[in-house]
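Asker: A single structure is presented below for examination.
A short reminder: the numbers here are calculations on the coordinates, not readings from a lab. Since the model is a prediction, treat every value here as computed from it, not as a measurement. Heads up, the Cβs are rebuilt from the backbone with ideal geometry, glycines too, and the neighbour counts pull from every protein chain shown.
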Amino acid sequence: MKKLLLALIFLSVGELCAQDTIYVNDFGARENSFENCVQAIQDAIAECKKSGAKVLAFRGGRYDIWADGASRRKYFISNTSNEKECPSKVKTIGMLFDGVENLVIEGNNSKIVFHNKMITVAFDNCRNVKLQNIEIDFERPTMSEIKIEALGSGFVDVSFHRDSRYSIVNGRIMLMGEGWRSNQNHCIEFDPNLQTMRYSGLWNELEKCPAAEIAPGRVRFAVPEKLRPSVGNILTVRDIIRDQVGAFNLKSKDITYSNVRMRYMHGLGIVSQFVENVTMDRVYCEPDAASGRVTAASADFMHFSGCRGLVKVVDCRFAGSHDDPVNVHGTNLRVVENLGKNRLKLRFMHHQSYGFDAFFNGDEVAFVNAKKMLRYAMAHIKKVEKLSEREVIVTLDGEIPKDLTVNEDCLENITWTPEVLIKGNFFSRTSTRGVLLTTPRKAVIEDNTFFNCGMSAILIEADAQGWYESGPVCDVTIRNNTFIDCGYQGGAGGYIIALHPSNSIIDADNPVHRNVTIEDNIFITYDIQVLYAKSTQGLAFRNNVIRRSFTMPSVSSRNSSFLFDGCKNVIIENITFEGDVLGRDILTRNMPDIYLDNRTEMVIKGTPKN
């Protein structure tokens, strides 16, 4: 009897443990079958919600997902597309987690391959969810990769990567894929020798020229004699329309990606929008080395819009994006009408960011002077009324500031701003920045390597005139990083680190940014631009090493290592120059003297404060 009782107890415990884990395979998903398993995965997700299972697991192998049968949902996603570019905001989602709590999605190193265009995974109104040990790729990435193979008299030969597809119709080439064609093409050219990514108009020229296939995957273009591209370079070509994103986290809390390999993402990368606490731990945004591809995203890799709590990006790798690997910001809405006492009409201004909820009842907001880029008054939201996809009316808990300038000043959501930790990452193969960051809370960027970022490795703006992305920073530390040959593509003067707010009124006594420390970093650069700061108070550049490289020629028109414009309380101390370092000068504008220790051999050239 005792043995029977023990057996029943162990059986009950075993059944309980089995209920804690749901396998997608038990719902019809068959690994390595190359069948569409989207319905099986959605059924397994539904069972997790119903049963309260703690783990949703794959048993390893490859799983395929097509758009046919995938979830459809209307989403307005920051920094994607305007009304004309993409009239429908209905997105296609391969794996949709809606209202899920306390769940681990265990990939067991499975590979999920997506077909068509879609969002791979979405966490919508989720809590405490972790995606781990999984690889995500597309059968046909929406980025085409074309290698320049040979030149001759009046022709250029190219070869297409095996994952890129094309068709030649009436002597003209078209890039196409599974249910789509690339129509508005943008090209970035990769130089495998220099490991650089530069904007290029070459594909736009080639696609106008007569084309003929001379072998499978090899095409000859009849070109003007003056068209002489660099043999061996690779053209990476995408359609500019961001109709989907790679992954989407929306109005959720405690979302973690761990040991996730994102081999390709369409439209925009992993977008976190109004999420509290996001952790990206060992997320590898790069092609599989065995694939031979060089790109992994047609825009940003990780995009954090209006988040709060802690945004943590640690031990990740980024290689092959057409835009910023990491972008953290909020959204400024312009005041377009003062409706009296405590009511304002606001408008989304940037053409690609609109329609989403930007304010919630109880949120703290700041009034931002657009010309000065300064926060000058605070309030709380009592009520939000949506008038259209572009305009909302907000009711505040106090009266409108008397110095508000309608059709110029903005409202910034302060509640939804995060602390940020970006640590131990590797950034490479991008034509733009490595990190784009604006938040008023504590931000630390440390122990990273920025290799050949085309523009500033780190760019801190504050914008109420262009992208309308957030306001001033108040506490930023940049330390123990290594910067290698960044800024060759330009942008912010080609400076490796740039603090570049959009204010048109520059006043050193009323700076935009505050408390920025740049210390214990190594700058390895072929040129002289190191740091550009505009309208910043409390800026310290100390204990840094600047070392010359000879990978690319210096640009003679760039003539200062440091440029400070309208800054205050700037400290530069203990710089170590190694090798034949160019420049060694400081250019100042609209500001008083800076502090420069006598151990640092620098020449100060400046103009007095206005």
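Asker: Which of K74/K111; K568/K605; K74/K117; K372/K605; K341/K372; K111/K147 have a Cα-Cα distance over 18 Å?
Answerer: Too far apart for the 18 Å limit: K74/K111; K372/K605; K341/K372; K111/K147.
Asker: Also, I was wondering about something else. Order these peptides, 241-247, 294-300, 135-141, 47-53, by their mean beta-carbon neighbour count within 10 angstrom, highest first. Kindly include the intermediate steps, with their values, before the conclusion.
Answerer: Details: 241-247: 24.4, 294-300: 27.0, 135-141: 21.3, 47-53: 14.9.
Ranking the peptides 241-247, 294-300, 135-141, 47-53 by packing returns 294-300, 241-247, 135-141, 47-53.
Asker: Above 16 Å lies some portion of the pair distances; for segment 333-413, what is it as a whole percent of all C-alpha pairs? Provide the component values of the computation, followed by the final result.
Answerer: Working: 1424 of 3240 pairs.
Percent of Cα pairs beyond 16 Å in segment 333-413: 44.
Asker: How about K253: which aspartates and glutamates have a C-alpha closer than 15 Å to its C-alpha, ignoring those fewer than 8 places off in the same chain?
Answerer: D98, E101, D124, E276, E419
Asker: At a 10 angstrom cut-off on C-beta neighbours, averaged per residue, how do the peptides 469-482, 423-436 rank from highest to lowest?
Answerer: Going from most to least packed, we get 423-436, 469-482.
Asker: Right, next: Arranged from highest to lowest average of other beta-carbon atoms within 10 Å per residue, in what order do the peptides 585-598, 90-103, 559-572 appear? Intermediate values should be presented prior to the final figure.
Answerer: Values: 585-598: 16.4, 90-103: 20.1, 559-572: 22.1.
Answer by packing, highest mean first, reads 559-572, 90-103, 585-598.
Asker: Please state the charge dipole magnitude for segment 132-192, taken about the Cα centre, from unit charges on C-beta atoms (+1 on K and R, -1 on D and E), reported in debye and rounded to the nearest 20. Walk me through the numbers before you get to the answer.
Answerer: Details: 6 positive and 10 negative charges, 72 e Å.
So the dipole magnitude of segment 132-192 works out to roughly 340 debye.
Asker: When all alpha-carbon pairs of the chain are counted, what percent fall beyond 48 Å?
Answerer: Details: 32156 of 185745 pairs.
Beyond 48 Å sits 17 percent of the P(r) for the chain.
Asker: Each residue of segment 188-196 in order: what ³J(HN,Hα) in whole Hz does its phi give by Karplus 6.51 cos²θ - 1.76 cosθ + 1.60, θ = phi - 60°, with x for Gly and Pro?
Answerer: Computed from phi, the couplings for segment 188-196 are 10, 9, 9, 9, x, 7, 8, 6, 10 Hz.
Asker: Quick one: what are the phi-derived ³J(HN,Hα) couplings along segment 58-69, Karplus 6.51/-1.76/1.60 with θ = phi - 60°, whole Hz, x for glycine and proline?
Answerer: 9, 8, x, x, 9, 10, 10, 10, 9, 5, 5, x
Asker: Additional query: At 0.36 nm per residue, minus the direct Cα-Cα distance, what do D397 and I571 gain on full extension? Give it in nm, one decimal, please. Before the final figure, lay out each step's value.
Answerer: On the way: separation 174, 0.36 × 174 = 62.64 nm, distance 4.10 nm.
Stretched out fully, the D397 to I571 stretch lengthens by 58.5 nm.
Asker: Consider a paramagnetic label point 7 Å from the Cα of K423 along Cα→Cβ; state which residues of segment 297-325 have an amide N under 18 Å from it.
Answerer: 309-317
Asker: Let me ask something else about it. Pull up the DSSP beta bridges for the chain and report the antiparallel fraction as a percent, rounded to 5.
Answerer: On the way: 67 of 209 bridges.
The antiparallel proportion sits near 30 percent.
Asker: Among K226, K382, what is the fewest-to-most ranking by other Cβ atoms within 10 Å? Mind showing how you got there, number by number?
Answerer: Details: K226 5, K382 15.
The most exposed by this proxy come first: K226, K382.
Asker: Still on this structure, I have one more. For the pair N204/V231, report the inter-label distance in nm, with labels modelled 7 Å from Cα in the Cβ direction.
Answerer: 2.8 nm
Asker: A further question on this structure: For segment 531-570, state what percent of all Cα-Cα pairs lands in each successive 10 Å bin, counting from 0 Å until the bin that includes the largest distance.
Answerer: 21, 44, 28, 6
Asker: I've got another one for you. State the volume of the convex hull built on the alpha-carbon positions of segment 483-554, expressed per residue in Å³ and rounded to an integer. Walk me through the intermediate numbers first.
Answerer: Details: hull volume 6.0 nm³, N = 72.
So the per-residue Cα hull volume is 83 Å³.
Asker: How much length is gained on full extension from S33 to D509, taking 0.36 nm per residue of separation minus their Cα-Cα distance?
Answerer: Details: separation 476, 0.36 × 476 = 171.36 nm, distance 6.64 nm.
Contour length minus the Cα-Cα distance gives 164.7 nm.
Asker: Cα convex hull of segment 433-606: mean projected area in nm², to one decimal? Don't skip to the answer; put the middle values down first.
Answerer: Working: hull surface 35.6 nm².
Average projection, Cα convex hull of segment 433-606: 8.9 nm².
Asker: Same structure again: Sort out for me the Cα centre separation of segment 163-227 from segment 86-118, rounded to whole Å.
Answerer: 31 Å
Asker: Suppose R0 equals 25 Å. What FRET efficiency, 1/(1 + (r/R0)^6) with r the Cβ-Cβ distance, do A222 and W180 give to the nearest 0.05? Numbers along the way, then the final one.
Answerer: Working: r = 27 Å, r/R0 = 1.09.
My answer for the efficiency is 0.35.
Asker: What is the ratio of the Cα radius of gyration of segment 144-239 to 2.2 N^0.38 Å, where N is its residue count, to two decimals? Write out the running numbers ahead of the final one.
Answerer: On the way: Rg = 12.4 Å, N = 96, 2.2 N^0.38 = 12.5 Å.
Dividing the Cα radius of gyration by 2.2 N^0.38 Å gives 1.00.
Asker: Sticking with this one: Can you work out ³J(HN,Hα) from phi for every residue in segment 264-281, in order, using Karplus 6.51 cos²θ - 1.76 cosθ + 1.60 and θ = phi - 60°, giving whole Hz and x for Gly and Pro?
Answerer: Once rounded to whole Hz, the list reads 7, 9, 9, x, 8, x, 7, 9, 10, 10, 6, 10, 9, 6, 10, 10, 10, 10.
Asker: Could you give the length gained by full extension between D520 and Q352, i.e. 0.36 nm per residue of separation minus their alpha carbon distance, to one decimal place? List each step's numbers first, then the result.
Answerer: Details: separation 168, 0.36 × 168 = 60.48 nm, distance 3.79 nm.
Extending this stretch completely gives an extra 56.7 nm.
Asker: Dipole size in debye (nearest 20) for segment 433-606 around its Cα centre, Lys and Arg Cβ +1, Asp and Glu Cβ -1?
Answerer: Working: 15 positive and 20 negative charges, 18 e Å.
Charge dipole of segment 433-606: 80 debye, to the nearest 20.
Asker: If you place +1 on the Cβ of every Lys and Arg, -1 on the Cβ of every Asp and Glu, and leave all else neutral, what size is the dipole of the chain about its Cα centre, to the nearest 20 Debye? Spell out each step's value before the answer.
Answerer: Values: 72 positive and 74 negative charges, 107 e Å.
Using only the charged Cβ atoms, the result is roughly 520 debye.
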